[in-house]
Amino acid sequence: ELGPYRHFMQKEIHEQPRAIADTIEAVMDNGGFSAELFGDNAQSVLADIEGVQILACGTSYYAGLTARYWIEAITGLPCAVDIASEYRYRRVVANPKHLVVTISQSGETLDTMEALKYAKSLGHDRTLSICNVPESAIPRASRLVYYTRAGAEIGVASTKAFTTQLVALFTLTCTIAKLRGQLDAAQEADHLDSLRQLPGSVQHALNLEPQITGWSDRFAPKQHALFLGRGMHYPIALEGALKLKEISYIHAEAYPAGELKHGPLALVDSEMPVVVIAPNDSLLEKVKSNIQEVRARGGEMFVFTDADSQFGESEGVHVIRTPRHVGVLSPIVHAIPVQLLAYHAALARGTDVDKPRNLAKSVTVE
Ligand code: F6R
């Protein structure tokens, strides 16, 4: 069942090009973005929304945080993202014209289900579920659904479910933008093309595995690690830190790089490895200057960037490059190296990668 892989997590990481290709198949067959991809009558639910409210937990929440950048930039609508277990106990000001999007791999997470019920009790009847398990509880309780086609995810740490959730959220973003007249034919063709090329770009990122394995020995003995990113790669830094914590038990925290000087810089010394997600986007120069601050304090840096970013290696600065920057879908490509880093650090520490202590695959309790 594992084929050439040692763990389900490793197998599932490597299944991502296929999982993404399967998840976008309906869009490609359809020849573009349209409401029907989300179910019958989706047009009437999506057409005149005034904003988006995302609810999820854990890794699925980080998919939501990433999507907020796409939704606000591409549709022009405001987007809020809440941790389901917090939203459900907060006195929320609801606008029923906002679309409530729940994201759940399993479709059974109790906190997300209860947050959805609470949203409905506040008058939200435009509800959409992004889910990997057909006919599970959350899609059944939602008016619209987009199923990710990751296939069964067995490793407790979510990998292929995360990247396919991102693909589904990007598809939703483009669909809403098109319905609102915010996406012309040329832009739609561009986004479709980016999606079509994504499985190949993800495969290129997977090919970095030997280089990442080379880093894992330096990570394995560490007690702590810091992850930095900016913009839509900040949620990828959060996801990288969560993966590392979950399966290697190394304490990791993520910060948007601009926040360093507001506190966490005090933690940096030669014992603190700092992982930086620094793709070749408009924030690259900002990230470069933020990390000078780390280097000046002796922190060892592990940088994931793109070949076209001119990011050089230097003393204490290790660099791994994807072949090129892929634009708006870059967070999906950059999710891969942080998954691999967590996996190989855990392997070097000898932890139970597929079944980390204290965790369950589906969290159906509060
Ligand atoms: C992390 C992980 C968890 C889940 C979270 C939500 O690797 O798997 O953080 O993402 O428990 O689960 P779902 O998506 O099933 O609602």
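The values are calculated or read from the model by the stated rules, or taken from the named source; none is laboratory data. Predicted model, so just to flag it, every value in this text is computed and none were measured. No Cβ is skipped: glycine too gets one built from the backbone with ideal geometry, and neighbour counts run over all protein chains shown.
Would you mind finding the one in SER85, SER44 that is within 16 Å of the ligand (Cβ to nearest atom), part of a helix (DSSP H, G or I) and surrounded by fewer than 22 Cβ atoms within 10 Å (Cβ to Cβ)?
Residue meeting the stated conditions: SER85.
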Item to check | Selection status of PHE162, closer than 21 Å to VAL27 by Cα, touching a helix residue (DSSP H, G or I) at 6+ places or on another chain (Cβ under 7 Å) and within 11 Å of the ligand (Cβ to nearest atom) | outcome: yes
Item to check | Checklist (1) away from the ligand (no atom under 16 Å from the Cβ); (2) on the phi > 0 side of the Ramachandran plot; (3) within 19 Å of the chain's Cα centre (by Cα) applied to GLY181, failing item | outcome: (3)
Next on the checklist: Go through (1) in a helix (DSSP H, G or I); (2) over 29 Å from ARG90 (Cα atoms); (3) out of contact with any Asp or Glu (no Cβ under 9 Å at 6 or more places or on another chain); (4) not small (Gly, Ala, Ser) for PRO134 and report which single condition fails.
Outcome noted: (1)
Item to check | Those residues of the stretch 212-239 which are among the basic types (Lys, Arg) and closer than 22 Å to LEU284 by Cβ, in sequence order | outcome: ARG230
Checklist entry - Out of curiosity, is THR102 touching a residue at least 40 places away in the same chain (Cβ under 8 Å), hydroxyl-bearing (Ser, Thr, Tyr), within 13 Å of the ligand (Cβ to nearest atom) and in a strand (DSSP E or B)? => result yes
Checklist entry - Before we move on, is PHE170 away from the ligand (no atom under 16 Å from the Cβ), within 17 Å of the chain's Cα centre (by Cα), hydrophobic (A, V, I, L, M, F, W, C) and crowded, with 24+ Cβ neighbours inside 10 Å? => result yes
Checklist outcome for this item: Restricted to the stretch 230-278 and to residues being surrounded by 22 or more Cβ atoms within 10 Å (Cβ to Cβ) and out of contact with any helix residue (DSSP H, G or I) (no Cβ under 7 Å at 6 or more places or on another chain), the residue farthest from GLY155 (Cα to Cα) is TYR234
Item to check | Top-ranked residue in the stretch 125-141 [being of a type outside the set (Val, Ile, Thr) and away from the ligand (no atom under 13 Å from the Cβ); ranked as surrounded by the most Cβ atoms within 10 Å (Cβ to Cβ)] | outcome: LEU128
Next on the checklist: Suppose the filter is among the hydrophobic types (A, V, I, L, M, F, W, C) and either assigned to a loop (DSSP other than H, G, I, E, B) or within 16 Å of the ligand (Cβ to nearest atom) (or both); does ILE74 pass it?
Outcome noted: no
Checklist outcome for this item: Exactly one of HIS334, HIS325 is in contact (Cβ under 8 Å) with a residue 24 or more places away in the chain, closer than 22 Å to ASP281 by Cα, part of a loop (DSSP other than H, G, I, E, B) and more than 16 Å from the ligand (Cβ to nearest atom), and that one is HIS325
Checklist outcome for this item: Of the residues in the stretch 220-233, those that are under 17 Å from ILE336 (Cβ atoms) and in contact with a Pro (Cβ under 9 Å, 6 or more places away or on another chain) come to GLY229, MET232, HIS233
Next on the checklist: Checking HIS204 against (1) within 15 Å of ALA335 (Cβ to Cβ); (2) in contact with a helix residue (DSSP H, G or I) (Cβ under 7 Å, 6 or more places away or on another chain): exactly one of these is not met. Which one?
Outcome noted: (2)
Item to check | Positions within the stretch 108-124 being more than 11 Å from the ligand (Cβ to nearest atom) and of a type in the set (Gly, Ala, Ser), in sequence order | outcome: ALA119, SER121, GLY123
Checklist entry - within 16 Å of the ligand (Cβ to nearest atom), closer than 14 Å to LEU169 by Cα and at pLDDT 95 or above, is that true of TYR69? => result no
Checklist outcome for this item: If you go through PHE227, PHE162, the only one that is under 19 Å from the mean Cα position of the chain (by Cα), surrounded by 22 or more Cβ atoms within 10 Å (Cβ to Cβ) and outside any helix (DSSP H, G or I) is PHE227
Next on the checklist: So ASP281 ticks every box in (1) under 30 Å from ARG196 (Cβ atoms); (2) assigned to a helix (DSSP H, G or I); (3) not small (Gly, Ala, Ser) but one. Which box is left unticked?
Outcome noted: (2)
Checklist entry - Do you know which of the residues in the stretch 47-77 that are in contact with a Lys or Arg (Cβ under 9 Å, 6 or more places away or on another chain) and under 23 Å from GLU239 (Cα atoms) is surrounded by the fewest Cβ atoms within 10 Å (Cβ to Cβ)? => result THR59
Next on the checklist: Looking only at the stretch 241-267, count every residue that is closer than 14 Å to ILE277 by Cβ, aromatic (Phe, Trp, Tyr) and either within 16 Å of the ligand (Cβ to nearest atom) or more than 16 Å from the chain's Cα centre (by Cα) (or both) and tell me the total.
Outcome noted: 0
